[in-house]
């Protein structure tokens, strides 16, 4: 079979179905990545959301027997919201990161990859393939870097010359021996802005991330947010874009190429107070289609409470008091108690004392006590 001609056909077809960038790479073992991952594991820098088996993350043949090449794709997403709603003193708003604007990117990319796989099968009936997006075993960034989609930036994102780092990534491992493309030269140079401004110091150095300190990771955890990070989270409900927004390569980059990726401003930048009392059904109906909903409503509600504390929003005190007394989840009760203390209205001291008396969860009680101590200062 003429694989060079097939490669050209695949590239052409990818454009027809709305893939913004495509590249091809060998399916050789990712040796340098393997060494980096072993170091990350030894240092305890992994988030726990990754595939735990480093061999599977770095050896495509373990995912598809007789794998010969990888097709990497990228889709550009918007960096600016049209007519963003304003946060007001009486109606403060939170923010979802750009990667959670519009329809869940896993769904969008899987659809494109499925179309590509079906096209491959039609052109080469003996073709075998396995596609992945984000939650697959293989590292999307490593595949994209090797395939020449972009270079791996100091902010641990793939940066493309055309779209900056505002791209979603996915890949197909296949037994078709496509000729590999040339990886791109690193253009970060001496720039260190992302490392310097990371709110929590999660970027230990260029290209090395301590996931456990990363706000994008912290916003997705379900327990009490460690106190040292609460002032750093600001009004972020899900994810963090700081290391992208400061990147010079992203300056002026804003692409609106896919209707399904356009944000609904009321979802991407929602009012905080209504989030506090939202039922599971309401949450699924309103936010179920965005990637930021994958952990459920609890982390989003906890982050909304922290955002209200960040704003010192006194109008939220009645809602927070209701959560303090009535919510069945210790994390929400305790965080509400801490937030009431952070807002610092002495009129709510009795509410905290009452809640502390009847609190049965040890961690929640500690948080309520911290709230009391802040008011007593």
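Classify the stretch 144-245 from the C-alpha gyration tensor, please: rounded if a/c falls under 1.5, else prolate or oblate depending on whether a/b exceeds b/c. Intermediate values should be presented prior to the final figure.
Details: a/c = 2.76, a/b = 1.80, b/c = 1.54.
Because a/c hits 1.5 or more and a/b exceeds b/c, the stretch 144-245 counts as prolate.
Counting only helical runs of four or more DSSP H residues, what would the 222 nm mean residue ellipticity of the chain come to if each run contributes -39,500 (n - 2.57) and the total is spread over all its residues?
Using -39500 (n - 2.57) per qualifying helix, the result is -12000 deg cm²/dmol.
Once the Cβ-Cβ distance between residue 289 and residue 182 is put in as r, and R0 is 45 Å, what FRET efficiency do you end up with, to the nearest 0.05?
Computed FRET efficiency for residue 289 and residue 182 comes out at 0.75.
What do you get for the angle between helix 362-376 and the principal long axis of the chain? Use alpha-carbon atoms, 0 to 90 degrees, nearest ten.
60 degrees
Normalised by the residues of the stretch 108-240, what does the relative contact order come to in percent, with Cα pairs under 8 Å and at least six apart?
Computed value for the stretch 108-240: 21 percent relative contact order.
So for each of 290-303, 154-167 I average, over its residues, the number of other beta carbons within 10 Å; can you give me the resulting order with the highest mean first?
154-167, 290-303
With just the Cα atoms defining each centre, how far is the stretch 1-68 from the stretch 190-223? Give it in Å.
24 Å
Expressed as a whole percent, how much of the Cα-Cα distance distribution for the stretch 189-333 exceeds 20 Å?
The proportion of pairs with Cα distances above 20 Å equals 55 percent.
Please give the peptides 179-188, 18-27, 131-140, 200-209 ranked by average Cβ packing (other Cβ atoms within 10 Å per residue), highest first, as a rough proxy for protection.
18-27, 131-140, 200-209, 179-188
List the relative contact order of the stretch 271-377 as a percent without decimals, with contacts defined as Cα pairs under 8 Å and 6+ residues apart. Don't skip to the end; give the middle numbers.
Details: 119 pairs, mean separation 25.7, N = 107.
Once normalised by length, the contact order is 24 percent.
Any idea what angle helix 105-123 forms with the longest principal axis of the chain, computed on alpha-carbon atoms, 0 to 90 degrees, nearest 10?
The answer is roughly 10 degrees.
Quick one: if the Förster radius is 45 Å, what FRET efficiency do residue 376 and residue 107 give, using the C-beta to C-beta distance and rounding to 0.05?
According to the calculation, E is roughly 0.35.
Across the Cα atoms of the stretch 82-155, what radius of gyration and what greatest pairwise Cα-Cα distance (Dmax) are found, in Å?
18.5, 62
Report the gain in length on full extension from residue 197 to residue 314: 0.36 nm times residue separation, minus Cα-Cα distance, nm rounded to one decimal.
39.1 nm
Assuming 0.36 nm per residue, please report the length gained on full extension of the stretch residue 12 to residue 281 beyond their Cα-Cα distance.
92.6 nm
By per-residue mean of other Cβ atoms within 10 Å, what is the highest-first order of 237-250, 362-375?
Output ranking for 237-250, 362-375: 237-250, 362-375.
Please work out whether the stretch 211-285 counts as rounded, prolate or oblate from its C-alpha gyration tensor, where a ≥ b ≥ c are the square roots of the eigenvalues and a/c under 1.5 means rounded, while otherwise a/b larger than b/c means prolate and anything else oblate? Before the final figure, lay out the partial values.
Details: a/c = 2.33, a/b = 1.13, b/c = 2.06.
Because a/c hits 1.5 or more and a/b fails to exceed b/c, the stretch 211-285 counts as oblate.
Test of understanding: in a Gaussian network model of the chain with alpha carbons linked when under 10 Å, which of 125, 60, 330 would top the mean-square fluctuation ranking?
Looking only at 125, 60, 330, the biggest GNM fluctuation is shown by 125.
Please find the FRET efficiency linking residue 5 to residue 86, where r is the Cβ-Cβ separation and R0 is fixed at 41 Å, and quote it to the nearest 0.05.
Efficiency for this residue pair is about 0.15.
Taking only Cα atoms, what is the 0 to 90° angle, nearest 10, from helix 3-16's long axis to the longest principal axis of the chain?
Tilt relative to the chain: about 40 degrees.
Mean 1/r over all different Cα pairs, inverted: what Kirkwood radius does the stretch 15-112 give, in Å?
17.4 Å
If contacts are Cα pairs under 8 angstrom and at least 6 residues apart, what is the relative contact order of the stretch 119-182 in percent?
39 percent
Could you tell me how far the Cα centroid of the stretch 315-354 sits from the Cα centroid of the stretch 144-170, in Å?
Between the Cα centre of the stretch 144-170 and that of the stretch 315-354, the gap is 43 Å.
Here, each number is a calculation from the coordinates, and none is a lab measurement. As the structure is a computational prediction, the values presented were derived from the model and not from experiment. Counting neighbours? That spans all protein chains shown, and the Cβs are built from the backbone with ideal geometry, glycine included.
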